[in-house]
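Inspection log for the structure reproduced underneath, given as structure tokens.
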Amino acid sequence: MSARRDRFREIVETLSSQGLGFALGYLGLDRHFPFDGYAPFTRHPLRDRAALPERIRLTLERLGAVYIKFGQIMSTRSDILPPDYAAELGKLQDASPPVPAGDIRSVIADELTGAGNLLPGLEDAPLATGSIGQAHMAQLGGMEVVVKVRRPGVVEQVNLDLEIMEELAKRAEQASTAAAQYRVSDFVDEFSQTLRAELDYLQEAHNAEQFAENFASDSRVHIPKVFWEATTTRVLTLERISGIKINDVRALEEAGHDPRVLAGKAASVLLKMVFEDGFFHADPHPGNFFIEADGRLGVIDFGMVGRIPDTLKARLVKMLLAVVEQDAPRLTDALVQMCGTSSTRSAPGLEADIARLLDRYAGRPVAEIPVVPIITQVVGLLRQHQLRLPRETALLLKMLIMADGLGKQLDPGFEIMTELEPFARRVMLESFTPAAIAERLKQLGSDALRMGADAPALVRRAAELLERGGIDVHLRTSELEPIVARLERSGNRIVAGLLAAALINAIGELVAGQPAQWRNWPKALFSAGIGGVGALGGYLVWSSRRRP
């Protein structure tokens, strides 16, 4: 409890020293956490609002690891932060002092049973230092390896800061309508999960192995090997990747590599992760990619990853088609649904804004549509209408923007849409394969059957309500006959609908269960099934269009 109060004091004093004390003052924390001998909060914002983004960045840097990581992630959320804030937070860098080599060796000795094989070749000078861990060169079994070691005491500090951050987020939602609409506490919860995953080096090791498996047959890519005998939750040992940093154009040209070819290769690899594997590197900055002597693309740092289910891949491709076809209503509906809202009524005016945006790019060939500017403007519109993207989608958009920027560093004429088009076409074609159609038919039939199964319960509850006298209905005899006729037609439609759903479900089950044999079925049987569905569907259409 004392550590928690001390940390609160440190947070409050840091905010106040940067002129940001008013933020916590508006949340009432000066009443809940009265520190002895401490001056009251400043309740007025900065006069120089232009300096506010910089003050926030400096505050996060002083507060340490968790807040630096939070700012780094927020800098990628242009759907939440205005551009000037995102750009300023993008300058955040881990400036943690290195952990002494003796402490690093102690952690390795505590964690690894066979640490004696690793410690003799461990270099004392770190390759890199960060707020979570520190990397050192070493030798293991005659191979050069990189050993990442988690900082001593960092887990306790992270847990304490995340607990405080979660409380502040809940208070912000209670005090601010905007914070509640952006679901700040949900965002902090997502951040907590991401950061805690980075603390577990076993998870990063599994991520590396997943990438290695996905690119096992791709000679363009080199994923470092994991040495499991020297890996735990606090220590990660990987094969060392050495080469030229991918954005060092001069060195690449001197080594005989064509930067324009490398731009296409790097983008193609990243897009394969998304549209083929559904598992992608979510931090593709130049420091994580190297070009090796043989031309392979070496990839490192697997702490931050994203997963894209097939449903989201298909939705992204449909959104891309909506952009190409200038279909503002379809694009708007897809965006609103992606943000977890069921209706465009929650964002009035969004469709008109989207239509104006698409008009700017009307008539352009697909390969010339600038994806990144459109993404940037769309997320700006989402922020304007107080809609927030889910984590995985935000990570994906960040990855696409970074991939496009990386490509342009290598080739000023690079446009990621050129690389994106074949992947999008492939996803669309896959959605029309017999197996995919059968799966949709099966799902449609199952949904219809579930609705039919629920119908008796709904009728029973309605009958019970009528028996209890919950509804009084007064009818004349002359009015009863038309109602009965309508009910009969409705009953016929329900029966026809259930039969059609059953046939659809059966056909879907058979096609999905025998994808290779269904073409050899007797044509009469298949035609009868399809004809039955068509006849029932035709009846439903005809009866629904008749006036009662």
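Each value in this text was obtained by applying a stated rule to the coordinates, not by laboratory testing. Quick caveat: nothing in here was measured; it's all calculated off a predicted structure. Cβ coordinates were reconstructed from backbone atoms using ideal geometry, including for glycine residues, and neighbour counts include every protein chain displayed.
Taking the average, over residues, of other Cβ atoms within 10 Å as the packing measure, peptides 9-18, 105-114 rank 9-18, 105-114 from highest down.
Cross-link partners of LYS148 among lysines, defined as those whose alpha carbon lies under 22 angstrom from its own and excluding same-chain residues fewer than eight positions apart: LYS69, LYS225, LYS245. Shown for region 161-270 is the translational diffusion coefficient from the Stokes-Einstein equation, using the Kirkwood radius over Cα pairs, a temperature of 10 °C and a viscosity of 1.306 mPa s: 89 µm²/s.
Label-to-label distance for HIS206 and THR376 is 3.8 nm, based on points extended 7 Å past Cα in the beta-carbon direction. Our summary gives region 96-240 a relative contact order of 24 percent, counting only alpha carbon pairs under 8 angstrom and 6 or more residues apart.
Measuring how big region 242-432 is from its alpha-carbon positions, Rg and Dmax come out at 17.5, 57 Å. Of the peptides 137-144, 246-253, the order by per-residue mean of other Cβ atoms within 10 Å, starting with the highest, comes out as 246-253, 137-144. Here LYS318 is the anchor, and the lysines within straight C-alpha reach of less than 28 Å, apart from those fewer than 8 places off in the same chain, are LYS265, LYS272, LYS398, LYS408, LYS442. Here the extension length gained between GLU368 and VAL155 equals 71.9 nm, from 0.36 nm per residue of separation less the Cα-Cα distance.
Estimated at 0.36 nm per residue, the fully extended path between GLU13 and ALA314 surpasses their Cα-Cα distance by 103.5 nm. Highest mean first, the peptides 307-317, 274-284 sorted by other C-beta atoms within 10 Å per residue fall in the order 274-284, 307-317. With 0.36 nm allotted per residue and the present C-alpha distance subtracted, the ASP186-VAL261 stretch has 22.9 nm of extension available. Remark on region 96-240: hydrodynamic radius 17.1 angstrom, per the Kirkwood mean of 1/r across alpha carbon pairs.
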